[in-house]
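Novice: Here you go, one structure.
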Amino acid sequence: MSDTIADTDAIVFATAFYAAIASAQSVASSMEQAKVRMEAASLGGSDLPELRTRDGVDPGDLILVTPPNV
């Protein structure tokens with residue numbers, strides 16, 4: 001976060017972010033989905049979350065969960 005964030009805003013962000021991660025979305029996509037969820041809930045902190053990576057890491061390609069084979 002680029003600044004302090006209200007508890008409710010953080011809960012909405014974290015819930016959406018980790019739900020997207022758990023459904024095999026990329027880190028970049030998960031971040032965007034969480035920010036959109038905050039905006040949809042009319043919360044004021046949607047501009048605060050920041051995605052930072054080291055050089056050479058593309059968050060759009062970074063997927064942390066592999067979906068199970070069905």
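Novice: So for region 55-63 (the condition being open to solvent by 50 Å² or more (accessible area, probe 1.4 Å) and within 10 Å of the chain's Cα centre (by Cα)), does at least one residue qualify?
Specialist: No: zero hits.
Novice: Which of the residues spanning region 1-24 are open to solvent by 40 Å² or more (accessible area, probe 1.4 Å) and outside any helix (DSSP H, G or I)?
Specialist: Once the filter is applied, which keeps residues that are open to solvent by 40 Å² or more (accessible area, probe 1.4 Å) and outside any helix (DSSP H, G or I), region 1-24 yields MET1, SER2, ASP3, THR4, ILE5, ALA6, SER23.
Novice: Another one. For region 6-23, give me each residue that is of a type in the set (Phe, Trp, Tyr) and either touching an Asp or Glu at 6+ places or on another chain (Cβ under 6 Å) or modelled with pLDDT of 95 or more (or both).
Specialist: Correct list: PHE17, TYR18.
The values are calculated or read from the model by the stated rules, or taken from the named source; none is laboratory data. Bear in mind the structure is a predicted one, so any value in this text is a computation, not a measurement. Heads up, the Cβs are rebuilt from the backbone with ideal geometry, glycines too, and the neighbour counts pull from every protein chain shown. Ligands, DNA and RNA are stripped out before the accessible areas are found, and what is left, the full protein with its side chains, is counted by its heavy atoms. Shrake-Rupley method; radii C 1.70, N 1.55, O 1.52, S 1.80 Å.
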